[in-house]
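Each reported figure results from applying straightforward, stated rules to the coordinates on display, with no laboratory input. Quantities reported herein were computed from a predicted structural model and do not represent experimental measurements. Here the Cβ positions follow ideal geometry from the backbone for every residue, glycine too, while neighbour counts run over all protein chains shown.
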Amino acid sequence: MKRHLISAADLSRGDAVLILDTAEELASLADRPIKKLPTLRGRTVVNLFYEDSTRTRISFEAAAKRLSADVINFSAKGSSVAKGESLKDTALTLEAMGADAVIIRHGASGAAHRLAGWVQGSVLNAGDGTHEHPTQALLDAFTIRRRLMASRGGLGGIRVSSPRVSTVGAGGARGAGLDGLRVTIVGDVLHSRVARSNVLLLSTLGAEVTLAAPPTLLPLAVGSWPCAVSYDLDSELPKSDVVMMLRVQQERMTAAYFPSVREYSRRYGLDAARMARLPGHAIVMHPGPMNRGVEIAAEVADSVRSTIVEQVANGVTTRMAVLYLLLGGTEFPATGVAQ
Amino acid sequence: MCAASNPVAGRDGLAVLDPEEIRRALTRIAHEILERTHGGDGVILLGIPTRGVPLARRLAARIGEFEGLDVPCGSLDVTMHRDDLRLHPARALGRTELPPGGVDGKTVVLVDDVLFSGRTVRAALDALNDLGRPRAVQLAVLVDRGHRELPIRADYVGKNLPTSQREVVHVLLTEVDAEDSVMISGEGGKP
């Protein structure tokens with residue numbers, strides 16, 4: 001694995017499966033009396049948030065704390081950024097304080113990449129502009145794998161093959177990718193870093209991804225993405241195993257992308273009637289925060305097919321896995337024999 | 001990568017235990033566990049991945065044979081509690097699976113293949129501490145090769161194997177490596 005996590009494209013299939021398998025192990029921590037591991041004791045993780053966020057920041061904070069790292073929260077509001085400090089100077093300040101990892105959310109695409117050139121520690125992209133949000137894609141992949149692949153059994157993974165040892169418990173999908181699953185990502189792809197990261201990661205893991213959106217909400221270069229494109233949601237629904245609804249990001253919209261919210265909702269919103277067209281096993285995802293009544297109807301968001309709350313819980317475990325794999329070891333070669 | 005989880009390394013070494021000897025050693029340990037715990041009441045076996053897990057299962061099966069007792073058996077991954085994490089790239093995690101009922105008030109027998117520095121066992125004790133409060137903790141190993149770096153000893157030992165620091169001991173088990181044997185390979189012969 002690379003030292004930073006800037007883009008979902010940085011992850012090979014092996015890296016991604018390792019992260020998901022690690023998260024699968026860490027998920028059992030939630031059922032234990034002491035939900036804490038000593039692994040990152042003495043390491044410092046900085047949450048550097050230039051944009052508002054609820055679940056991502058809290059999720060990273062909880063993940064780092066469960067691994068015993070020290071967490072410093074930094075939000076642009078109320079800091080020297082308000083006095084005009086640049087990202088680079090802020091980064092150098094954090095560097096001087098000895099941050100082992102910086103988790104950055106920024107409104108500018110590419111901010112995480114720039115930061116990686118300035119600091120010694122690992123940089124984790126928690127969303128940069130309309131570019132990428134790789135940990136969201138990882139937690140989505142984890143949620144999909146748990147829901148849909150566990151029943152199919154782990155596909156030729158790293159597990160020991162003897163029937164005496166391979167007791168398949170909650171982690172039945174260990175070692176598996178998402179091969180053969182059809183994922184439809186619906187809505188505001190143009191402004192969505194979640195969509196870009198998901199397309200890259202899910203296709204790396206073997207899923208077939210289709211984007212369903214109005215032409216105005218698709219990026220120009222979508223033809224070069226590893227996915228199919230459709231303008232008609234209704235024809236995609238019956239063949240989808242997963243439907244991922246995206247938030248209509250009105251705060252990033254500087255022009256009129258569709259005639260009215262009502263029309264958008266009628267053509268691309270997921271309501272109960274549309275949900276009924278999905279196959280029986282299909283799940284409905286949303287990265288949050290939701291606009292109920294716009295891209296997703298309330299009765300869909302609260303249905304049993306919806307994994308929205310599960311995604312938040314899985315966010316903590318997946319981010320723990322990423323933090324552990326990036327910070328838990330060292331790049332130096334082994335010096336002793338461990339037995 | 002820790003030496004014990006590399007499945008192919010060490011096949012070129014000198015065999016110190018053959019499958020029959022491994023079987024006899026485990027049979028003896030199973031009897032000793034029953035003796036020391038007064039019939040195995042309240043005992044659970046926790047194997048340390050990778051090769052401690054099949055060993056724990058074999059011991060549980062033996063105890064079941066001898067006394068008709070169903071001893072709960074599980075696994076305890078110690079990776080996140082190791083003290084040498086920063087000396088290696090991050091490792092993949094093994095599996096922690098506790099029998100229903102947990103470890104509270106039980107006599108936990110930790111099972112591993114090789115006892116060397118004692119650091120794995122220290123990590124296991126820490127990991128166990130976060131899972132509950134056992135009544136007692138004991139340690140069973142197939143091979144004790146000496147060179148302890150911590151005040152830790154095993155309660156049940158399959159074979160005491162005097163080694164030099166530079167030698168490498170490999171335990172191969174059918175469940176993981178398709179054969180049973182204990183090998184010792186040459187001076188400084190790292191996998």
Can you tell me which residue in the stretch B:71-99 is surrounded by the fewest Cβ atoms within 10 Å (Cβ to Cβ), limited to those that are among the acidic types (Asp, Glu) and either assigned to a strand (DSSP E or B) or at the interface with chain A (Cβ under 9 Å from one of its Cβ atoms) (or both)? B:84
Please name all residue pairs, on different chains or six or more residues apart, with Cβ atoms under 7 Å, provided the first residue is in the stretch B:46-60 and is more than 10 Å from chain A (Cβ to nearest Cβ) and the second residue is part of a helix (DSSP H, G or I) and hydroxyl-bearing (Ser, Thr, Tyr). B:48/B:120
For the structure I just gave you, tell me whether residue B:147 is over 27 Å from residue B:71 (Cβ atoms), within 13 Å of chain A (Cβ to nearest Cβ), under 17 Å from the mean Cα position of the chain (by Cα) and without any contact (Cβ under 8 Å) to a residue 60 or more places away in the chain. yes
Which count do you get for residues in the stretch A:1-45 that are out of contact with any Phe, Trp or Tyr (no Cβ under 7 Å at 6 or more places or on another chain), at the interface with another protein chain (Cβ under 8 Å from one of its Cβ atoms) and assigned to a helix (DSSP H, G or I)? 5
I'd like the full set of residues that are within 16 Å of residue B:108 (Cβ to Cβ) and surrounded by fewer than 19 Cβ atoms within 10 Å (Cβ to Cβ), limited to the stretch B:139-152. B:152
What pairs come out if I take residues in the stretch A:109-128 that are touching a residue at least 24 places away in the same chain (Cβ under 8 Å) and pair them with residues that are assigned to a strand (DSSP E or B) and among the polar types (S, T, N, Q) whose C-beta lies under 6 Å away, six or more apart or interchain? A:112/A:125
Select from the stretch B:152-173 the residues that are at the interface with chain A (Cβ under 10 Å from one of its Cβ atoms) and touching a residue at least 40 places away in the same chain (Cβ under 8 Å) and write down the one among them that is farthest from residue B:121 (Cα to Cα). B:173
Pairing a residue in the stretch B:114-138 that is away from every other protein chain (no Cβ under 12 Å) with any residue that is charged (D, E, K, R), where Cβ atoms lie under 7 Å and the two sit 6 or more apart in sequence or on different chains, gives B:134/B:106; B:135/B:106; B:138/B:155
Based on this model, can you work out whether residue A:23 counts as touching a residue at least 40 places away in the same chain (Cβ under 8 Å) and either small (Gly, Ala, Ser) or out of contact with any helix residue (DSSP H, G or I) (no Cβ under 9 Å at 6 or more places or on another chain) (or both)? yes
